[in-house]
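Below: one structure, written as structure tokens.
The values are calculated or read from the model by the stated rules, or taken from the named source; none is laboratory data. Keep in mind that this is a model prediction, so the values were computed, not measured. So basically every Cβ, Gly included, is an ideal-geometry build from the backbone, and we count neighbours across all protein chains shown. For accessibility, only protein heavy atoms count, side chains too; no ligands or nucleic acids. Shrake-Rupley method; radii C 1.70, N 1.55, O 1.52, S 1.80 Å.
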Amino acid sequence: RLAAFTDERSDPDTIVARTGVSALFGPRNPFGYDNSGTEPSIKAMTREDVMNFWKTHYVPNNAALVVSGSIPVDDLKALAESKFGAWKSGEFSMPRIDAAETTKAKIIIVDRPGAQQTMVRLLQLGVDRATPDYPALEVMNSELGGLFSSRINLNLREEHGYTYGASSFFVYRRSLGYFVAGGGIRTDASAPAVTEILKEIHRMIDTPMKPDELSLAKDSQSRSLPGIFETNSGEAGALSELFVYNLARDYFSTLPERLNAVSAEDAEAVAKKYLHPDQLILVCVGDRAKIEPELLKLDLGAVEIRDADGNVVH
């Protein structure tokens, strides 16, 4: 794990992801850290720490058995009993997650001298996976930045040639998630690309989707669902979400209907509700000397410099 940190410090994708969540959630929230942890935490970890974590969290009253395949229920019950019957329940409670401590800085730069492109991310706090607005959010974001033909990608790639690809997406969790927009941008186009992404976010808030845009966005969502259930592993993975995110048992059987029911007004409403350009944090991993002067001209707010681990330098 420690060896992997060395490689990750030279990977702009990892750096921008790690720095983004650190800035968005802060040091007291577990979501402010990459799943791999930190170098100090890995060095300090003992075997007892690992064992205690396992004993506390890996208990049957905090688990679900999800099975997909050709097996009679009675056979499955007997098999599960033989393998897990002796597994004892434990004292378990959901861990407390402190409120996010978002940085006051609006622009964060991680300096990589000589970089040929800038990894750009605009982030803001989002919503949980169980939100009833999920279908409308996914349809709206498909048009904003979820598809190759989305507004953000067509603007930055096709119209301006700033990038090979730019996108946006929502990260959903059982609790608070977040929204991301950005991509790998040509160094000299870093600031203009940010301007165009913000323009498209504002346009999504202010301008209803056209009928053809709405139809494509809904079709991309609803018609991709059957593919999830084509394999046993895909089906088991999807059904696991019912447990992990506390969703209704009929969630996936009703999801296509709910996606297809999304209107242009619904999409515009969730854009207004969840997209807040004034709250976005801009994270740029690139050649500071070349990108900072132009980024400052955007007048987005205070600037913060961080290292490759997401720690504040100044």
List the chymotrypsin sites (Phe, Trp or Tyr not before Pro) within the range 76-129 that DSSP assigns to loop and that have no more than 16 neighbouring Cβ atoms inside 10 Å. Trp87, Phe92
DSSP loop trypsin sites (Lys or Arg not before Pro) in the range 196-292 with at most 15 other Cβ atoms within 10 Å of their Cβ, which ones? Arg223, Arg249
Report the far tail of the P(r) of the range 95-215, meaning the percent of Cα-Cα pairs longer than 25 Å. 30
Of Gly90, Gly37, Gly301, which is the most mobile in a GNM of the chain whose springs link Cα atoms less than 10 angstrom apart? Gly90
How much mean residue ellipticity at 222 nm does the chain get from its helices, if each DSSP H run of length 4 or more adds -39500 (n - 2.57) and you divide by all residues, to the nearest 500 deg cm²/dmol? -12500 deg cm²/dmol
Looking at the chain, send over the antiparallel percent of its DSSP beta bridges, to the nearest 5. 70
Helix 12-25 versus the longest principal axis of the chain: what is the Cα-based angle in degrees, 0 to 90, to the nearest 10? 80
Restricting to lysines 8 or more places apart or on different chains, can you count the pairs in the chain with Cα atoms under 30 Å from each other? 28
Who wins for biggest fluctuation among Ala267, Ala63, Ala100 in a Gaussian network model of the chain, springs between alpha carbons below 10 Å? Ala63
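With the alpha-carbon atoms as the only input, what is the per residue convex hull volume for the chain in Å³? List each step's numbers first, then the result.
Numbers: hull volume 49.9 nm³, N = 314.
Value for the chain: 159 Å³ per residue.
With all protein chains present and a 1.4 Å probe, how do Lys106, Lys83 order by accessible area, largest first?
Numbers: Lys106 50, Lys83 145 Å².
Largest to smallest exposure gives the sequence Lys83, Lys106.
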Computed over the chain: longest principal axis from alpha-carbon atoms vs helix 251-260 long axis, angle to nearest 10 degrees, is 30
Check: C-alpha center the range 114-170 vs C-alpha center the range 290-314, spacing in Å is 21
Sparsely packed GluC sites (Glu not before Pro) within the range 148-240, loop by DSSP, other Cβ within 10 Å at most 16: Glu230
Taking Cα atoms only, helix 264-274 is inclined relative to the longest principal axis of the chain by an angle, in degrees rounded to 10, of 80
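Could you tell me how many cubic angstrom of Cα convex hull volume the range 217-314 has per residue? Walk me through the numbers before you get to the answer.
On the way: hull volume 20.3 nm³, N = 98.
Here the figure is 207 Å³ per residue.
If each residue of separation counts as 0.36 nm, what is the full-extension length gain between Leu242 and Arg203 once their alpha-carbon separation is subtracted? Mind showing how you got there, number by number?
On the way: separation 39, 0.36 × 39 = 14.04 nm, distance 3.40 nm.
Gain in length upon complete extension: 10.6 nm.
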